Amino acid sequence: MAEKHLHAGKKNGNGKKQKKVFQIQMQLNFKNVVIGLFVLFFVFSLISNLGQTGQSDMKPLSSVVSDVREGKIKAIDVEDSKLIIINKDGSKYTSTKESQDSLISVLEKSGVDPKSVEITIKDLSMGAIWLGIISNVLPLVLTVVFFLFLFRQARGAQDNIFSFGQSKARVWNKDLPKVTFKDVAGVDEAKKELEEVVDFLKNPTKYTSLGARTPKGVILVGPSGTGKTLLAKAMAGEARTAFYSIAGSEFMEMLVGVGAARVRDLFAQAKKNAPAIIFIDEVDAIGRMRSVGVMGGHDEREQTLNQILVEMDGFEPSTAVLIVAATNRGDLLDPALTRPGRFDRRVVLDLPDLEGRKDILAIHAKGKPFGTNVNWDKVAKRTVGFSGADLENMLNEAAIHAARGAKKEIDMADIEEAATKVKLGPEKKRLQSDLDRKMTAYHEAGHAVVNYYSPHLDPVHRISIVSRGMALGFTMAPPEKDRLHETKSRLIEEMAMTMGGRAAEQVVFKEITSGAANDIDQATRIARFMVTEWGMSDLGPINFGPIADVTDWGKGFYEQQQVSQEMQSAIDREVKKFIDVAYAQALSLVKKYRKDLDVVAEALIKKETLEGDDFSALLGSEKKRSI
C-alpha cells in the first residue's frame, strides 16, 4: 500500500493557516571561500591586463607629435606612460611615452606648441600602489589557503577512517509515516506470530511473570515480494519502539574488522534505547554458513557473523532488544545463527492464497477509482502465483493503462492487461509475414486444444499471437484454485499441453520450427523433477537430485548426489520416456480434433487475441474429454 504523507499547517486563533517563511541562505564553507578567491584573482588579473592585451589601435609617439602639429588632435589624456588621443573627428587611439618624461616637454622639444591641444593629466599613483599590493599579496594568500584546504581534506579523510566502525543503521522514529499490521495482508499466520512478539515488547511483565524470557530474534523467510520488510516496519509501528534498519551488505567494508565494529556499535545503540528492534534485511549476505577453507577464521564476513552471534547470545534477560532478519535464502544460513536462543522464531511467508490476495487487493485498491464491472473475486482467482508486490504493481499498471486511455475509472480490461504485462511484459507490435502469423496461430491453438481436452488441467484464460517479451504468442491457463499437490497424471497432461504447439506444427505444416524451444525446456524440467526428486518413474522413490548437507562443515550446503554412469543413463531414459508419452498424447489430441484446431487458429489470425469465454464458445459448451 502506498504510504501517504500528510502535511497539515498550523492554525492561528482566527482559524487561518500560518504561512511558513523560507529564507535562502548562502552556505559559506571553506571550499566556497577557496573557489571564490581563485575566481577573484582570475578576474582581477584579466582586468589589469586588459589595457595591455586589448590595445589593437596603438601608434608611436612620433605620430602623435605629427598629428598635433597638423592640428588633427583635439585632446590628450595622460595616464602615467599611457596616452589616450582624441581626434577632432571623434576617433581615438593610444600611444605611450617614457614615464619620467613630460608630454609638454616632448612637444616643446619637437617644435610644437603644447597650448594647441588640450592636455589632461590623471593621477593614478594610489591605484598603482593598491594594484601592486594586491598583485603581490593575493598569490601568497591563495597559496596559503590552498595548503590549508589540503590539510583540511586530509584531516577529513582521517576522520572517515576512524568512523568506519560506526553503525550505518537508519533509525525510524515516531515522526515517520507509521505502518501497522492493518497495512499488511495475505500473511495471517506470520502476522499472528509477530503480534505476540510485539505484545511482549509492549507488555513484558505479562510474560516475565510466568517465567517467559524475551525472544532474542525472529527470522522472516520467504520469496521476494511477500512482505518481509513491510512486516518488520509494521512491527515498529505497532510496538512504537526505536527501530534500526540496516542491510546485511552494509556491514562489509574493505578493511578487516569493520563489520564486527559496526555490529558492536549497532547493538550498543539499541541497548541504550531499549526496548528496540534491529531489522537486518538480506541477512544471508553475512549469515551464510561458515566453512573451514583457507580463509576460514580471517574472512571479514565470518568475523562479522561471529560478532553477531556473540551479541545475540550475550543479551541480559531484561534487555528488550529484538533482532528481526529477513531473507529469501533461509536454507543458506549458518545453523549457529538460526538455532533457538538466537533466532527463536522462524516465520515462513508464502505466496498469498485466494483470500489473502483479496485482502491485498483491497488494501492497494484504496484511493483508486474502479468501475462497476471490476469483479475482485475473478481478479483474485486470475492472479494465482502473484506475490503482494506483484499485486500492487498490477494495480499501479492498471491505473497507468487507464490514464493512458483518458479514462475516469479503472475497469476490468485495464486490470487484465496489467496482469498480463506484469507476468509476460508489454505488447510488441512486430512485423510478421503471413506465414509467421499462421505458424504462431496454429502453435498457440495447439496448446489451447490439448489443454481443452485434458481433463485434469485448468481452463484456458487467454490465447494471443501478439508478441510479449521474448514470446511471439502465449496461451494462459492459470490455476482456478491454489494447488498443494501435483499428481503424476496431471503432470503428464501439463507436459502434453506444453508440447501441443510442436505437435500442431508437425500435423499442419509437416515441419517443425524453433518456436517450441521454451516449451521443450519446460517439459524437460517437469520430467526431470518427476524422475530425480518426486520418485514418479520406474526407478522408484529415490532422490537423485542435489540434497542439503547441514552436518558436513567442510562442504557446501548443497551437494550433488553421487550417481553412477549406469544410473545416470537410466535417469535420462526415464526422462525421455515421460517426454515421449506426453508428446504422443499431444499428437493424438491434435490429430483427433484437427477441425477445432483450424477453427481456433483462424480466429486467432483474425482477432489476434481470444479470451477464455470466446475460446470455449468456439469449441462448444461440451465438457473436457479424455483420450
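We did not get these values from a lab; they are worked out from the coordinates using the rules stated. Note that the structure is a prediction, hence the values are computed from the model and not measured. Using ideal geometry, Cβ is built from the backbone for each residue, glycine included, and neighbour counts are taken over all protein chains shown.
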> Hey, could you pull the Cα Rg and Dmax for the range 56-122, both in Å?
Replying inline: 10.6, 30
> Which entries in the list Lys381/Lys595; Lys182/Lys228; Lys216/Lys272 go over 23 Å, if you measure between the two C-alpha atoms of each?
Replying inline: Lys381/Lys595
>> So if each residue of separation counts as 0.36 nm, and I subtract the Cα-Cα distance between Lys510 and Leu148, what length gain in nm does that give?
In response: 122.0 nm
> Karplus couplings for the range 344-356 from phi (6.51 cos²θ - 1.76 cosθ + 1.60, θ = phi - 60°), rounded to Hz, Gly and Pro as x?
Replying inline: 6, 10, 10, 9, 9, 10, 9, 4, x, 7, 4, 5, x
> Amide H neighbours of Val324 under 5 Å, counting only residues 5+ apart in sequence or on other chains, H built in-plane at 1.01 Å?
Replying inline: Val218, Ile278, Phe279, Ile280
>> Show me, for the range 480-490, the HN-Hα J-couplings you get by feeding each phi into the Karplus relation (A = 6.51, B = -1.76, C = 1.60, θ = phi - 60°), rounded to Hz, glycine and proline as x.
In response: 6, 8, 5, 10, 9, 10, 10, 9, 5, 5, 5
> With θ set to phi - 60° and the Karplus curve 6.51 cos²θ - 1.76 cosθ + 1.60, what are the ³J(HN,Hα) couplings of the range 192-198 in order, to the nearest whole Hz, using x for Gly and Pro?
Replying inline: 5, 4, 6, 4, 5, 5, 5
>> Amide H of Lys74 versus every other amide H placed in the peptide plane: which residues, excluding those fewer than 5 positions away on the same chain, fall under 5 Å?
In response: Ile86, Asn87, Lys88
>> If you scale each eigenvalue of the Cα gyration tensor by 5 and take the root, what three semi-axes come out for the range 427-619, rounded to whole angstrom and sorted largest first?
In response: 35, 17, 17
> Where the only charges are on Cβ atoms (+1 Lys, Arg; -1 Asp, Glu), what is the dipole of the range 354-424 about its Cα centre, to the nearest 20 debye?
Replying inline: 60
>> Can you give me the long-range amide H partners of Phe243? Hydrogens built in the peptide plane at 1.01 Å from N, cutoff under 5 Å, separation of 5 or more residues or another chain.
In response: Trp172, Ile277
> For the range 345-425, what is the Kirkwood estimate of the hydrodynamic radius, computed as the reciprocal of the mean inverse distance between distinct Cα atoms, to one decimal in Å?
Replying inline: 12.9
> Would you list Glu282, Glu611 from fewest to most Cβ contacts within 10 Å?
Replying inline: Glu611, Glu282
